[in-house]
1. Of the numbered conditions (1) at pLDDT 95 or above; (2) crowded, with 16+ Cβ neighbours inside 10 Å, His440 satisfies every one except a single condition; which is it?
2. Within the range 182-194, can you find the residues that are of a type in the set (A, V, I, L, M, F, W, C) and either outside the structural domain of Thr157 (by the TED database) or surrounded by 22 or more Cβ atoms within 10 Å (Cβ to Cβ) (or both)?
3. Cβ contacts < 6 Å: first residue outside the structural domain of Gly400 (by the TED database), restricted to the range 289-316; second residue aromatic (Phe, Trp, Tyr), any location; separation 6+ or different chain. Result?
4. Is there a residue in the range 367-387 that is within 30 Å of Leu270 (Cα to Cα) and polar (S, T, N, Q)?
5. Could you tell me whether any residue of the range 305-322 is small (Gly, Ala, Ser), more than 30 Å from His238 (Cα to Cα) and surrounded by 13 or more Cβ atoms within 10 Å (Cβ to Cβ)?
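The values are calculated or read from the model by the stated rules, or taken from the named source; none is laboratory data. Being a predicted model, the structure only gives us computed values, none of them experimental. We place every Cβ from the backbone using ideal geometry, glycine too, and count neighbours over all the protein chains shown.
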Amino acid sequence: MDVMQTNATTGTRGGLIISLALSIALGTATAAATETSAVETVSEVTAPAGEEPASPLPDQPDHLPQAESVDLGDPVSPEEPEPPRPAVAQPEPPREVIPAEAEVAETPPLILLGKEVRPSTATRLSWSPAQSFEGLASPTSVLVVHGAKPGPALCLTAALHGDEINGVEIVRRVLYAIAPEELSGSVIGVPIVNMQGFQRGSRYLPDRRDLNRYFPGYENGSAAARIAFSFFNEVIQHCSALIDLHTGSFDRTNLPQLRADLSNQAVLDLTQGFGATTILHSAGAVGTLRRSATEHGIPAVTIEAGGPIRLQEEAISHSVKSIKTLMNHLGMVDRRRTWGAREPVYYESRWVRADSGGILQSVVKLGERVDQDELLGTVINPITNVSTSILSPFPGRVLGMAYDQVVMPGYAAYHIGINAPIEELPIHDSDQPTSTPPEHTGEETSLDSPVADDTDAEQQPVLESPVDEPEYDE
C-alpha cells in the first residue's frame with residue numbers, strides 16, 4: 001500500500017514536471033511565431049509586393065567634377081602637366097552674422113568644358129577640337145579665373161594664326177596678374193587656339209586653311225570648319241565679351257589698335273573702355289571670329305599689335321595695359337586707372353602699294369602722322385640703283401607697314417588711316433544676333449582649299465581678305 005502511494009505520488013510529480021516543461025516549450029514557440037508574424041507584417045507594409053525593400057541611402061544625383069584651384073603664376077613642370085593643389089593657409093572662421101553658405105551662394109559656379117569652376121578660383125582647363133586623326137586631337141589649354149563676385153565673362157583669344165605670338169604673351173600676362181578673390185566676373189583666356197599652326201610657326205592649319213575665315217564653323221564640314229565649330233560652341237558661347245588678339249601678317253607690323261564694328265552699339269560701348277588706343281572701324285571679314293561673335297550677340301573687338309614670329313615688348317605692354325583698363329571700365333577690378341587722352345577713331349583706311357620691285361626702305365615710322373604726298377619710303381633697284389618713291393595719297397596716320405625687305409611690284413607696304421570727316425554710321429541694336437549667310441556657314445566643297453585641284457578655279461571661294469581691306473591682317 002505504501003509502495004503504491006509512493007509510486008502514485010512519484011507519478012503525479014513527474015506528470016506535473018512534464019506538463020510544466022510542455023507549457024514552457026509551447027509558450028516559447030508561440031512568442032517566436034508572434035514575433036515572426038510581426039516582422040512579416042512590417043515588411044509587407046514597408047516594401048511593395050514583388051520588389052526588394054528600398055535602400056536606406058538613395059543614390060545621389062550626378063555632379064560635374066570641380067576644377068582644381070591653382071595659382072596660374074606657378075610654372076608647370078613638363079613631367080607634371082596637372083600639378084597638385086598648392087598648400088594654402090586655412091581661411092579664418094566666418095563671422096556669425098554672415099554665414100559662409102550665403103557668401104558662396106552670391107556667385108554661381110562657372111560651367112565650362114565639362115567642369116565646374118567655383119568662385120574665387122583660378123584653374124587650367126583643356127579644349128580638344130577633334131579626335132578624328134592624329135594632329136587634331138592635341139589639347140589646347142584654357143586658362144580660367146572665376147571671381148568671388150558676379151560680373152561679365154571676358155574672353156581673350158590668341159594665336160588663331162599660329163605665327164602671331166605677341167597675343168600668347170598678352171594672354172599670359174593678363175591672366176597671371178588676376179587675383180580671383182578681387183575679381184568680379186570671369187576671365188577666360190586661350191593663349192593658343194591654332195595649336196597645329198603654332199607648333200609649325202605657320203599662320204595656317206596643316207591643310208593651308210586660314211582658321212579665322214571659318215567661324216562660327218560647321219559640325220560636318222572641313223577640318224577647319226569643325227575646329228571652328230567646336231571652339232565657338234564650347235568656349236566662345238560662354239563669353240559676354242570677346243577680345244581677339246592678332247598681329248600684322250607676312251613681314252608687316254601694326255600699331256596697337258582696335259578693330260571694331262562701330263555700327264554695332266554694344267561693340268561701340270565696349271571700345272570706350274580701352275584707354276588711349278587707336279580705333280579703326282571695320283566690320284571684319286566674313287568668317288572671322290570677331291564678326292561671328294558679334295553676329296551671335298557677343299560684342300567683340302580685335303587688338304592688332306606688332307608683327308608675326310617675334311615678341312615685341314612695346315606692342316605687348318600697350319595691349320596688356322589696354323585690357324586691364326577695360327576690366328576696370330567694366331567694373332571687374334576695383335582700381336582707378338587714368339591713361340592720357342583718347343586716341344582718334346579712323347572710319348576709313350587704305351593700303352599704299354609699291355609700284356616697282358626692289359629693296360624697300362621706309363622713311364616714316366609706325367604710328368607717325370603724315371600729310372598728303374608726304375614721302376613714306378623708297379624702293380631701290382639693287383641692279384640699276386634706280387629709286388622709286390612711295391608717297392601718301394592722302395593725309396592720315398601709319399597704322400601698319402611692311403618691314404624693310406625685298407618687295408615685288410604691287411606689294412602692300414603702308415596701311416594709312418585716313419583723316420576724313422566722320423560720317424553718320426547706322427547703329428543697330430545687338431540684342432538679337434544677325435544671321436550668317438548660308439554660303440559662309442563653313443560647309444565647303446573640295447574646291448575651297450588652296451591645295452585642292454585647280455579645276456573650276458572660278459568657283460574657288462575667297463579664303464583671304466583682299467590686302468586693300470583693313471581686316472587683311474586679321
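1. (1)
2. Listed by number, the residues that qualify are Leu183, Val187, Ile188, Val190, Val193.
3. Leu289/Phe215; Ser292/Phe215
4. Checking the range 367-387: not a single residue is within 30 Å of Leu270 (Cα to Cα) and polar (S, T, N, Q).
5. Checked the range 305-322: no residue is small (Gly, Ala, Ser), more than 30 Å from His238 (Cα to Cα) and surrounded by 13 or more Cβ atoms within 10 Å (Cβ to Cβ).
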